[in-house]
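These notes are about the structure you will find just below.
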Number of protein chains: 2
Amino acid sequence: MATTIEDVAREAGVSIATVSRYLNGPDGIVAEDTGDRVRAVVERLGYVPNSVARSLKTGRTRLIGVLLANIAHPYWSVVLSGVEEACQRAGYGAIVSSAADRADVENSYLRAFLRQRVDGILLNPATAAPSTVEAWARLTVPVVTIDRTLPGLPFGLVAMDNALGTRLGVEHLLGLGHRRIGFVSWRPDGLSNREERLAGYQDALADAGVEADGELIRFAADGWSDGVDQTLALLAERDPPSAIVSASSMLNLQVLAAVKRRGLRVPDDVSVVGYDDSPWDPLLDPPLTTVATPAKGLGWAAAERLIRAIEGDHPDDAGEVRLVPELVVRHSTSARRRGGILPPSP
Amino acid sequence: MATTIEDVAREAGVSIATVSRYLNGPDGIVAEDTGDRVRAVVERLGYVPNSVARSLKTGRTRLIGVLLANIAHPYWSVVLSGVEEACQRAGYGAIVSSAADRADVENSYLRAFLRQRVDGILLNPATAAPSTVEAWARLTVPVVTIDRTLPGLPFGLVAMDNALGTRLGVEHLLGLGHRRIGFVSWRPDGLSNREERLAGYQDALADAGVEADGELIRFAADGWSDGVDQTLALLAERDPPSAIVSASSMLNLQVLAAVKRRGLRVPDDVSVVGYDDSPWDPLLDPPLTTVATPAKGLGWAAAERLIRAIEGDHPDDAGEVRLVPELVVRHSTSARRRGGILPPSP
DNA sequence: TTGTAGGCGTTATCAA
DNA sequence: TTGATAACGCCTACAA
């Protein structure tokens, strides 16, 4: 067994209360020479306080649970770096897990977190299944949803202003003279982020008096390939778009690849606006015009907020915090050419 | 306070020992009707066992610490998905943290893990600082290093066969007739993965009897931009390479971007072999020939091994497990053209 | 300024 | 088959 506070107390010739006070109390709560003796013994024995015992006593673990829909998406590595930073500053640890996009896995992790007595949970919901809402609704630990939520979840949300994000892309293209603007996104599934990005696209067009055309909207299945097919289908229409807005960092490359595979040039034949401004977006060919979403800031803000809720200051329990995306103009967009897309080369 | 085992016992009219047995013991350790009563009460009260108390008693937390050098690298999101999967299967949770490439942060997380009484640690060392080795060397918890290690760390390692990885790239290019093959990697820092990838490149050339030329080796500073500059410098040499091997997924795009910025075509003017086969590599322009490294498998194998060590079967405590990379040939490499690189267009 | 002792919620030993 | 009870390691009144 590891050395305990009792070992330290015995060796130092004091009581465990004194050791505990020296370790946790404010400066000067133990006499200076007593403290010196304790410190020496702690050092010599390599004593490491057992926070399991501490948690049992205090009822707090200084652990938060982070439940991601799917951690394999590269976007989350950056978000997590923000979560880590906020946790580290506040002295919390993060148990992170990934639901692999399945509601049942999500549920089982939720139960695990409850058993672990985490002080709070950061939730990126995996699905819009009703069971999800039901299971989470009557929780007592603080929960903050991150990046997206779904109807009925009574938690605070920290997310991007998704509607503004796609709107920025559309308005940029409108300003360049584009009127037929395609939209490639994930298939809507009841989760807020997808719905909002679609709405931002549609509203921006409507506000500009541009006629909506459902044919210009394509939904891809999750993953790294269907976005290519959907974009190809979009480009193969009778009246194809002169510009495309991608609604996700994973789709950016798929849209670009499809345009090129079709033998078209970006931006000369088709302008492309990406999403998220991943670190590699400036390195693409051409450097991608993108809606920048501060991924690290998202993680940081969400963790910060959760920790505040845990520590008792809940200014706006179920309110939303929306981070503001910004358009970064690079070289994948240009003024609309007359004449539209040429037929594919044979 | 949450409901405890005592509440359940009282409501069910049994002792807490019986409740505990019903919950943890093998089937049939309590009489069927007793069990039914307990189950009903557990359900009604929404009792969730407190694993903090359980851990205090048993001395095991079923938690592992995952200490990454820098989680912000997108590669790790995929690795972590493998770690998660292994943990989930075995009923463990993973506290993940990121050292932001700093030895002091790494050390403070190590202490935090020790306080938390994690059952084991998965370590991706941040630096080759001597303090690192010293701090870790006399640990008692099981530790498995992942992806890389450094001299003096007495732990098992689960990593790619890095030398084979770059060798595969070089041999592929040699087979295509290339002789002047450039190498763009991270600046060596004493960590095994970087050293090994360099050695693999050098050995493959030596084995083929190709003269080594230090000018063909360029080291980039961490991040998303210096790799571009280093590649540009490489291409600006008097006798530039006809092919380049990139030693990291983060450098793939930087190398590609630099070649294009120089006005050269891939693979017609310069062949490029990438590293890691990220999910987006097939979508690049041109689709990247890459050394595929099973990132998810890496995470899975490392976590699996750590869990085995925790549970007491340590077949090969400090040995290495090397995952085998494979070359995926796409369209960024081609036979060497005669005449070499043209001068840059004005 | 320091010490004593009770209790946090479990598990597991020993009896019954 | 079940129940009492002693730890596990720490924090924190309350006493001294």
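Taking θ as phi - 60° and the Karplus parameters 6.51, -1.76 and 1.60, the scalar couplings of the range A:54-71 work out to 4, 5, 4, 6, 8, x, 10, 9, 6, 10, 10, x, 10, 10, 9, 4, 7, 6 Hz in sequence order, x denoting glycine and proline. Straight-line reach from residue A:296: which lysines have a Cα under 29 Å away, not including same-chain ones fewer than 8 places off? Reachable lysines: B:296.
Taking the Cα centre of the protein assembly as shown as origin, work out the dipole magnitude from +1 charges on Lys and Arg Cβ and -1 charges on Asp and Glu Cβ, in debye rounded to 20.
It comes to approximately 140 debye.
Ignoring lysines fewer than eight residues from residue A:260 along the same chain, the ones with Cα atoms less than 26 angstrom from its Cα are B:260. Among B:41, B:141, B:328, the largest mean-square fluctuation in a Gaussian network model of chain B (Cα springs under 10 Å) belongs to B:41. For the pair the range B:1-78 / the range A:223-285, the C-alpha centres are spaced 49 Å from each other. With label points set 7 Å from Cα along Cα→Cβ, the inter-copy distances at residue A:287 are 2.9 nm, sorted shortest first. Among B:99, B:17, B:257, the residue with the largest mean-square fluctuation in a Gaussian network model of chain B, with springs joining Cα atoms closer than 10 Å, is B:17. Going by the alpha-carbon gyration tensor, a ≥ b ≥ c the square roots of its eigenvalues, is the protein assembly as shown rounded (a/c under 1.5) or, if a/c is not under 1.5, prolate (a/b greater than b/c) versus oblate? Cα axes put the protein assembly as shown in the oblate bin. Our coupling estimate for the range B:320-337, obtained by passing each phi through the Karplus curve with A = 6.51, B = -1.76, C = 1.60 and θ = phi - 60°, is 9, 10, 10, 8, 8, x, 9, 7, 10, 8, 10, 10, 9, 10, 7, 4, 5, 7 Hz, Gly and Pro reported as x. Residues in the range A:189-199 carry Karplus couplings, in order, of 9, x, 7, 4, 5, 5, 4, 5, 5, 4, 4 Hz; the curve used is 6.51 cos²θ - 1.76 cosθ + 1.60 with θ = phi - 60°, and Gly or Pro positions show x. As a length-normalised measure over Cα pairs under 8 Å and 6 or more apart, the relative contact order of the range A:162-293 settles at 26 percent. Just so you know, the Cα atoms of the range B:58-102 work out to an Rg and Dmax of 11.7, 37 Å.
Counting other C-beta atoms within 10 Å, which of A:192, A:225, A:185, B:98 has the fewest, and how do the rest follow?
A:225, A:192, A:185, B:98
For the range A:234-326, the list of GluC sites (Glu not before Pro) that fall in a loop by DSSP and count at most 15 other C-beta atoms within 10 angstrom reads A:237, A:311. When peptides A:51-60, B:27-36 are sorted by average Cβ neighbour count within 10 Å, with the highest value leading, the order is A:51-60, B:27-36. Note down the relative contact order for the range A:1-138 as a percent, whole number, built from C-alpha pairs under 8 angstrom at least six residues apart. Computed over the range A:1-138, the figure is 24 percent. Within the protein assembly as shown, antiparallel bridges make up roughly 10 percent of the DSSP beta bridges whose residues both belong there.
Summary for residue A:108: label point 7 Å along Cα→Cβ; distances to the equivalent points in the other copies, ascending, 3.6 nm.
Only beta bridges with both residues in chain A are counted; by DSSP, about 10 percent of them are antiparallel. Using Cβ point charges alone (K and R +1, D and E -1), the dipole size of the range A:162-293 about the Cα centre works out to roughly 280 debye. Between residue B:291 and B:274, B:275, B:276, B:277, B:328, the built amide H atoms are under 5 Å apart, and every one of these is 5 or more places off in sequence or on another chain.
Residues whose amide H falls under 5 Å from that of residue B:243, counting only those 5 or more places apart or on a different chain, are B:182, B:271, with hydrogens built in the peptide plane.
Seen against the Cα atoms of chain B and their longest principal axis, helix B:295-310 is set at about 40 degrees.
Suppose R0 equals 25 Å. What FRET efficiency, 1/(1 + (r/R0)^6) with r the Cβ-Cβ distance, do residue B:58 and residue B:27 give to the nearest 0.05?
That gives a FRET efficiency of 0.75.
Dividing the mean sequence gap of close Cα pairs (under 8 Å, 6+ apart) by how many residues chain A holds gives a relative contact order of 18 percent. For the range A:76-137, the Kirkwood radius over C-alpha pairs fed into Stokes-Einstein at 4 °C and 1.567 mPa s yields D = 102 µm² per second. The mean count of C-beta atoms from other chains within 10 Å of the C-beta of residues in B:111-117, rounded to a whole number, is 6.
The modelled label-to-label distance between residue B:138 and residue B:101, using points 7 Å beyond Cα along the C-beta direction, is 3.2 nm. When chain A is modelled as a GNM with alpha-carbon springs shorter than 10 Å, which of A:97, A:108, A:15 fluctuates the most? Result: A:15 has the largest fluctuation of those listed. The Rg/Rh ratio of chain A, with Rg taken over Cα atoms and Rh as the Kirkwood radius over Cα pairs, comes to 1.14. Count neighbours as other Cβ atoms within 10 Å of each site's Cβ, and list the chymotrypsin sites (Phe, Trp or Tyr not before Pro) in the range B:205-283 that are DSSP loop with at most 13 such neighbours. Passing both the DSSP loop test and the Cβ count: no residue.
Hey, got a sec? Which trypsin sites (Lys or Arg not before Pro) in the range B:196-285 land in a DSSP loop and have at most 13 other Cβ atoms within 10 Å?
Qualifying residues, ordered by number: B:238, B:265.
Annotation for residue B:239, label-to-label distances across the other copies: 6.1 nm (shortest first, one decimal, point 7 Å from Cα along Cα→Cβ).
Only the coordinates and a few stated rules stand behind these numbers; no lab work does. Bear in mind that the values here come from a model prediction, so they are computed numbers and not experimental data. Methodologically, a virtual Cβ is constructed for each residue, glycine included, from the backbone with ideal geometry; neighbour enumeration extends over all protein chains shown.
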